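The values are calculated or read from the model by the stated rules, or taken from the named source; none is laboratory data. Given the structure is predicted, the values throughout are model-derived calculations rather than measurements. Here the Cβ positions follow ideal geometry from the backbone for every residue, glycine too, while neighbour counts run over all protein chains shown.
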Amino acid sequence: MLNRRSVLATGALATLPFAAPLSALAQAKKNNITLALVLEPPGLDPTAGAASSIAEITLYNIYETLTKINPDGSVSPLLAESWEVSPDLKTYTFKLRRGVKFQNGEPFNAQSVKFSFDRAGSDKSTNKDKRTFAGLSTNVVDENTVVLINSEIDPDLLFLLGQATAIITEPKSAPTNVTKPVGTGPYKLDAWARGSSITLSAWPESRHVAKIKIQRAVFRFIPEPAAQVASLLAGDVDAFVRITPRSVAQFKANPRFQTVISGSRAKTILAMNNARKPLEDVRVRRAIAAAIDRKAIIQGAADGLGVPIGSYYVPGAFGYIDTTGVNPYDVEKAKKLLAEAGVKLPLELTMTLPPTPYARQGGEIIIAELAKIGIKVKTQNVEWAQWLSGTYGSKNYDLSIISHVEPFDLNNYTKPDYYWGYQSPKFNALYEKIKTAERPADRARLLGDAQRMLAEEVPGVYLYQPQWVTVANKNLRGLWKDMPVFVNDLSTMYWV
């Protein structure tokens, strides 16, 4: 294994002395669940888009991967029964699980692994981790053995192979997985009511069938905070995953619910388009960073559920160092930096905001703070699909607020076509050293150097490490305590 890491109850029912026991008895017999999410996924193929909302529904439920990421960040076998890694850390030999089939009846084997990884790294691939897969050579030894040869050393490869971008795809289903997903997992798609819900049901031919307690799961999409609260209080949903934080207090005091506050490896940032003037000037980027009070953002956008960060790395991660002192909140310093850069005020910029509450609420605070140093920001609110296509895809933006949720994604800064527009041969060379460092102590030191470099060059303003909040019925079990990746693993859930 690898360690990397309408209101109910308070009114009429409150007057009935036997209401709670009867409710608990009924709940214990349930074999279905309704979960709520803020965002609806744009499709159901995680290899075709970058939205984490796709994995929230499909990963480990419909699709499976060679390895599985656990709540503590460790990696265990899933479609692979075992593996061996060569001394040079570039060759991985996987023994595959026998007797597994896809939901369309086709067999899972080494050929399907090769197809999946070759497709993910091909010229036509839209996989978010295309660059990683392009560096892999996948060789079939026999039906149940596959060898991956990596062109580079990647100490996090086994973790990556458990993420949604590494799902094993059945070749015939690949063109239609966006709307008709086919996997090897314990659940299959029953229905998708666009704009409302997605329903999964237990797949009776799954090898997991004896262990599955939840037979039917409905994922509802509720972006508006007041509606989120109402849905829980009314009993319309059993659990709200990553609910808007400002609703937490009232649920903590309500005995009908459990509140799970999860740690994360996410980074909430003010993304900046480094390829646009005047943001290509590091003095301007430093000025913007110095004008923003991280603590005010955490309080206003995350209701205090976050930890300030100074670079694209978070407390608890291997090699973390505190860089919040590199660009502290200092309005006067921000004004001087803009003057040094020769910026004519007022400087007008556009902030493109996705629909998530933390982005919309955080945007209001940042607009007010940047106004103090002469930067006038116009807001452009977009839906998630527009953000993915226009901001992330076409790089049509100045500023944006977004949480990057993957734990090992410093390599985004080495991608020449990434949406930040950041180009640094110096950082690229440093990251190569990080990947090839054999001693953990050396790797930790180099990771510290990378954090300092990003804090000084400010390709983005690093705001905070968010804490995720799930509110659920008190009788539901199997929710992940921590979330190294965005997953709602239905196979672990059950009612008591």
**Report entry** Residues located in the range 468-496, provided they are crowded, with 19+ Cβ neighbours inside 10 Å, within 15 Å of the chain's Cα centre (by Cα) and assigned to a loop (DSSP other than H, G, I, E, B)
**Finding:** Trp480, Pro484, Val485, Phe486, Val487, Asn488
Query - Verdict on Lys68 being touching a strand residue (DSSP E or B) at 6+ places or on another chain (Cβ under 6 Å) and either buried (at least 18 other Cβ atoms within 10 Å of the Cβ) or at pLDDT below 95 (or both) - result: yes
Query raised in the report: For Ile167, are the conditions met, namely being at pLDDT 95 or above and either surrounded by fewer than 17 Cβ atoms within 10 Å (Cβ to Cβ) or within 30 Å of Phe94 (Cβ to Cβ) (or both)?
Result: yes
**Report entry** Unique residue being touching a helix residue (DSSP H, G or I) at 6+ places or on another chain (Cβ under 8 Å), surrounded by 14 or more Cβ atoms within 10 Å (Cβ to Cβ) and among the hydroxyl-bearing types (Ser, Thr, Tyr) when the list is Thr184, Thr199, Thr244
**Finding:** Thr244
Query raised in the report: Restricting attention to the range 400-421, which residues are among the acidic types (Asp, Glu) and crowded, with 19+ Cβ neighbours inside 10 Å?
Result: Glu406
Query raised in the report: Mind checking whether some residue in the range 251-264 is under 21 Å from Met351 (Cβ atoms) and buried (at least 20 other Cβ atoms within 10 Å of the Cβ)?
Result: no
Query raised in the report: Of all residues in the range 354-365, how many are part of a helix (DSSP H, G or I) and under 23 Å from the mean Cα position of the chain (by Cα)?
Result: 7
Requested in this report: Give Glu332, Glu369 a once-over and let me know the one that is surrounded by 16 or more Cβ atoms within 10 Å (Cβ to Cβ) and part of a helix (DSSP H, G or I).
Outcome: Glu369
Query raised in the report: When the range 295-329 is examined, which residues are found to be surrounded by fewer than 23 Cβ atoms within 10 Å (Cβ to Cβ) and more than 30 Å from Asp156 (Cα to Cα)?
Result: Lys295, Ala296, Gln299, Gly300, Asp303, Gly304, Pro328, Tyr329
Requested in this report: Examine the range 80-88 for a residue that is at pLDDT 95 or above, in a loop (DSSP other than H, G, I, E, B) and in contact with a strand residue (DSSP E or B) (Cβ under 6 Å, 6 or more places away or on another chain), and state whether such a residue exists.
Outcome: no
Report task. Hey, can you tell me all the residues within the range 459-493 that are hydroxyl-bearing (Ser, Thr, Tyr) and under 24 Å from Val307 (Cα atoms)? Result -> Tyr462, Tyr464, Thr470
**Report entry** Subset of the range 422-461 [surrounded by fewer than 18 Cβ atoms within 10 Å (Cβ to Cβ) and not in a helix (DSSP H, G or I)]
**Finding:** Gln423, Ser424, Ala437, Glu438, Arg439
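Pick from Ala301, Ala317, Ala296, Ala291: which is within 25 Å of Pro357 (Cα to Cα) and modelled with pLDDT under 95?
Ala301
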Query - Residue pairs meeting the criteria (Cβ under 6 Å; at least 6 apart or on separate chains; first of a type in the set (A, V, I, L, M, F, W, C), in the range 372-400; second assigned to a helix (DSSP H, G or I)) - result: Ile373/Ala334; Ile373/Lys335; Val377/Ile367; Val377/Leu370
**Report entry** Residues located in the range 65-92, provided they are among the acidic types (Asp, Glu) and under 17 Å from the mean Cα position of the chain (by Cα)
**Finding:** Asp72
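I'm checking my understanding of the structure. Among residues of the range 208-225 that are surrounded by fewer than 14 Cβ atoms within 10 Å (Cβ to Cβ) and more than 24 Å from the chain's Cα centre (by Cα), which one is nearest to Ser247 (Cα to Cα)?
Only one residue fits best here, namely Lys211.
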Report summary line: Counting only residues that are among the β-branched types (Val, Ile, Thr), in contact with a helix residue (DSSP H, G or I) (Cβ under 8 Å, 6 or more places away or on another chain) and not in a loop (DSSP other than H, G, I, E, B), the range 208-228 contains a total of 0
Report task. Test each condition in (1) more than 28 Å from Leu337 (Cα to Cα); (2) polar (S, T, N, Q); (3) modelled with pLDDT of 95 or more for Asn411 and report the one that comes out false. Result -> (3)
Query raised in the report: Counting only residues that are of a type outside the set (A, V, I, L, M, F, W, C) and assigned to a helix (DSSP H, G or I), which one in the range 121-164 is surrounded by the most Cβ atoms within 10 Å (Cβ to Cβ)?
Result: Thr132
Requested in this report: Report yes if some residue within the range 256-273 is out of contact with any helix residue (DSSP H, G or I) (no Cβ under 8 Å at 6 or more places or on another chain), closer than 23 Å to Ser53 by Cβ and basic (Lys, Arg); otherwise report no.
Outcome: yes
